[in-house]
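Derivation of every value follows stated rules applied to the coordinates shown; laboratory data play no part. These numbers were taken from a predicted model, which means no experiment stands behind them. Ideal geometry is used to build each Cβ from the backbone, glycine not excepted, and the neighbour counts take in all protein chains shown.
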Amino acid sequence: MISIREHRIYPNRYQDSVALMALSAALAKLPGIQTASVVMGTGTNLDNLREAGLGEVDAGPGDLVVAVLGEEQAVARALELAEELLAEQSPGDAGTGTVAARQLRSLRQAVEENPAHNLALISVPGAYAAAEALKALRLGLNVMIFSDNVPLDQEIEIKRFAEEQDLLVMGPDCGTAIVNGLPLGFANVVRRGRIGVVGASGTGMQEITCRVHQLGEGISQALGTGGHDLSAQVGAVSMLRGLRALAADEATDVIVLVSKPPAETVAKSVIEEARTLDVPVVICFLGADPAAFGGDTPGVHFATTLAGSADAAVALARGEARPEDRAVALTGGETQPGDPVVALAQGQDRAGEPYFDRVRFAPAQRYLRGVLTGGTFCYETQLLARAAGIQAASNTPVAGNSALGDVGTSTGHTILDLGDDAFTQGRPHPMIDPAPRDERLLAEADDPATAVVLFDVVLGYGAADDPISGLLDAIGQAKARAEREGRALAFVGHVCGTDDDPQDRSAVVARLREAGALVAENNAQAAVIAARMIP
Amino acid sequence: MVAVSKGYLVPGPDFAGNVHSVFATACNLAVDGRLLTVHDAASPHTPTSVRVTGWRPRAQAGDPARCVAGVLSFGEHVLDLRALPVWTPPSPAPSVIVDVEDAEDAEEVARIREQYVEAEGIVVPGLTERAESLLEALVGRAESLPGALVGRAGSPSGVLAGRAGSPSGEPGRRDVSEAVARLVGFGPGLTPSGDDLLVGVLAVLSRGGGGAAFHTLASVVRRHAGRTTDVGAHYLRLAAGGHFGEPIVNLVDALVTGAGRAAVPARTKAALRVGASSGADGVAGVLLGLRALGSCPDRKAA
């Protein structure tokens, strides 16, 4: 057989390197092809084509070149295949991102392309989200609605329709889910396992799933419901469906439900449903009194902190006794020798003195200032600080705390949710762009009345790639300024994430500790330590 | 869609240009001989990027781009660049501590990169040989300029501060030029692998105190930059001016200063995630640069 060589030039056409390498390999594998190369037409690449026997090609650096050498019919077939494959691929991005998948222009196209698709993630402006959700439901898809600002009557309509179709709706305003091991929205890299979570709280779910992972267990599914699902109007449609789905799931041995306090009637219906199941359920309705719902029974276990609910779920999964929630106990009680919170604090101090006894505040330093990016972390912190006797102001106050008049200026004890609309109008959430958190932390630290600055760092998909370089700078600056003014500052924080997250939790924790911050194991622990440090 | 931050070389408040190229998650604007990249905030900063949220390009190549009083418009987009946080890399370390732990860090980086390259299937045949030729040329040049590259630990006047002799080694320069010519534009992709590797090498030499070697390599790279794609040439010219993207700066700084050592694995992973294979090629360049600085064990860089 006589070999021939041919090439095609696609002017001003870019594809990313992985796509081009895959295309080169696909062509080279064809019967009758001796060699094939798909490259940009740079001078060096054209030299290489010539050296490889692929001939002289007259192309420019912005042109894509497909060159093949082989039997005549095989060469024609290879060039046709290249044409087809290139037509299927959208242009890649500008060298700083990832390969664009083939663009689908409708949900229907996606279902037609692969009928096995059974979940649609909808992220469009709130005004359009309901219409898109209904389209997806009509195609037989379960739905996750990332969008917020969806009117409540539309949420009710979507969820009622989904119930009729026997489908699940996560959201609206559902920022976190892990479905079949796939993190959606803001979620962390956790191992798969036997604990399922249904939550109306994004960072609450992240805290629980991460803690379960850190304790050596894993997550079967984590289903978000959106923040309004447990309102009296909506009636926990999504939480109940998620609860039943997990109860029927063979891979799930324990279920955790998490939410800020639901409407009382709704809470009762959820708890009643949980008591009917064969699978043990841990319920964490932050701020709600378990006694009001009948307390623990063999199948239903109440927890009052996010970390405590993860601890309880892990113990149940292992058939072990449930550990005491020390964070809760410490809000009002005395520390005990060997207490893990004290041990953590001591771990920061070479002299063996607990961190919260070591920092010597100036007389004017009296206040706790919390700058939190997780809404549920802010909520839980306020509850634990209240239990420890600290009445704080907040832009999202819990019962007993006061609303901050000017969210730009803290007063007395202040615990802020920087992810709240008051701070995020027209700008990204601080979990995505933490610069506003760092600025506010610096401002709080500069206040001569501040004693303890409490913060959180949220890792995982969706969160900032580098969430702490700015934070470390801010802490460094704040400490230097305070020192010049004769003040001592305590920085207490926690890192919600795992070592498998792209940002690597251990590395983040190490850098924060290197900067002199006390890094607690979880949000509840950080809140208690911070509250106890207040003089 | 909102602009959330910009790189320190983004011009303003008034300029004009046109849309150079449009991709799924980014647009390049040609402005005064440079490319300004508007891209999704999920990607890290470059010196010339504007990061935006909710990004869906609605523009065509050739469309005019105009920035008036800090408000940038092109295609269907209007972006307010006023009062944006500006990403600026920290100043390069004044000195470099080269010790055993540095070598261990480099080993760790190489290990993570190897795993990544294997998992992603992005080995570029021929890159290693070309990279090694560059190293030989750089070290050969250094040997003709005592103190520029061959000094090892404890030699602050050589490697560490980069106070090399005058750039008079023409044979070395010719070798470097030949090696660079074989790398620029080499490999598949929008920014060919050879370009990305050179950026990594330049980053180490620039920020790690390889003064004379950096200037030699930078001048050669500038001369050859026209042989690659527009986007590749843009990043090469930036690198030759000592300007690099955020992930590579973070990684190099951790490696050459020894500070933030615990962050090296995370920073390596962040650098690897850049582009399709650009990150892996850039990290290969960093490892090569470390070897040129004499702070990395003898390991194939690419």
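How much net charge surrounds A:SER231 when only other residues with a Cβ under 15 Å from its Cβ are counted (Lys, Arg +1; Asp, Glu -1)? Could you put the intermediate results ahead of the total?
Values: positive: A:LYS159, A:ARG160, A:LYS260, A:LYS268; negative: A:ASP148, A:ASP153, A:GLU155, A:GLU157, A:ASP173, A:ASP229, A:GLU264.
Cβ neighbours under 15 Å give a net charge of -3.
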- Query: segment A:187-276: which GluC sites (Glu not before Pro) are DSSP loop and have at most 13 other beta-carbon atoms within 10 angstrom?
  - Reply: A:GLU250
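Dividing the alpha-carbon Rg of segment B:236-284 by 2.2 N^0.38 Å yields what?
Values: Rg = 10.8 Å, N = 49, 2.2 N^0.38 = 9.7 Å.
That ratio works out to 1.12.
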- Hey, what angle do you get for helix A:126-138 against the long axis of chain A, alpha-carbon based, 0 to 90 degrees rounded to 10? 70 degrees
- Give the Debye-formula value of log10 I(q)/I(0) at each listed q (0.19 Å⁻¹), with one equal scatterer per alpha carbon of segment A:212-254, two decimals each. -0.66
- When segment B:189-236 is reduced to its Cα atoms, the Kirkwood hydrodynamic radius in Å: 10.8 Å
- Could you tell me what fraction of 2.2 N^0.38 Å the Cα radius of gyration of segment A:476-533 comes to, as a two-decimal ratio? 1.27
- Task: Starting with the fewest neighbours, write out B:CYS67, A:CYS284, A:CYS210 ranked by other beta-carbon atoms found within 10 Å of each beta-carbon.
- Result: B:CYS67, A:CYS210, A:CYS284
- Based on the Kirkwood radius over alpha-carbon pairs, what is the Stokes-Einstein translational diffusion coefficient of the protein assembly as shown at 25 °C with 0.890 mPa s viscosity, in µm²/s? 85 µm²/s
- List every residue whose amide H lies under 5 Å from the amide H of A:ARG191, counting only residues 5 or more places away in sequence or on a different chain, with H placed 1.01 Å from N in the peptide plane. A:ILE219
- Helix A:237-247 sits off the longest principal axis of the Cα atoms of chain A, rounded to the nearest 10 on a 0 to 90 degree scale, by 80 degrees
- Query: Relative to the longest principal Cα axis of chain A, at what angle does helix A:523-533 sit, 0 to 90 degrees, rounded to 10?
  - Reply: 40 degrees
- Which lysines, on any chain, are close to B:LYS6 with Cα under 27 Å apart, when same-chain ones fewer than 8 places away are left out? B:LYS269
- Item | Taking the C-alpha atoms of segment A:175-320, convex hull volume expressed per residue in Å³ | 88 Å³
- Query: Compactness ratio of segment B:1-122: Cα Rg over 2.2 N^0.38 Å, N = residue count?
  - Reply: 1.34
- Query: Taking the Cβ of B:TRP87 as the center, what net charge do the other residues with Cβ under 9 Å away carry, scoring Lys and Arg +1 and Asp and Glu -1?
  - Reply: +1
- Message: Just to be sure I understand: if I project the alpha-carbon convex hull of segment A:146-213 onto a plane and average over all orientations, what area do I get in nm²?
- Response: 4.9 nm²
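Rounded, prolate or oblate: which fits segment A:366-515, taking a ≥ b ≥ c as square roots of the Cα gyration tensor eigenvalues, rounded meaning a/c under 1.5, else prolate when a/b beats b/c?
oblate
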- When the Karplus curve 6.51 cos²θ - 1.76 cosθ + 1.60 is applied with θ = phi - 60°, which whole-Hz ³J(HN,Hα) does each residue of segment A:248-253 get, with x for Gly and Pro? 8, 7, 5, 7, 9, 9
- Task: Could you bin all the Cα-Cα distances of segment A:184-239 into 10 Å bins starting at 0 and give me the percent of pairs in each, rounded to whole numbers?
- Result: 25, 49, 21, 4
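Return the percentage of antiparallel bridges among DSSP beta bridges fully within the protein assembly as shown, rounded to the nearest 5 %.
Close to 45 percent.
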- Task: Return a single number: how many Lys pairs in chain A, at a sequence separation of 8 or more or on separate chains, have alpha-carbon atoms below 28 angstrom apart.
- Result: 4
- Among B:MET1, A:MET431, which comes first, then next, by fewest other beta-carbon atoms within 10 Å? B:MET1, A:MET431
- A correct fewest-to-most ranking of B:HIS215, B:HIS243 by other Cβ atoms within 10 Å would be B:HIS215, B:HIS243
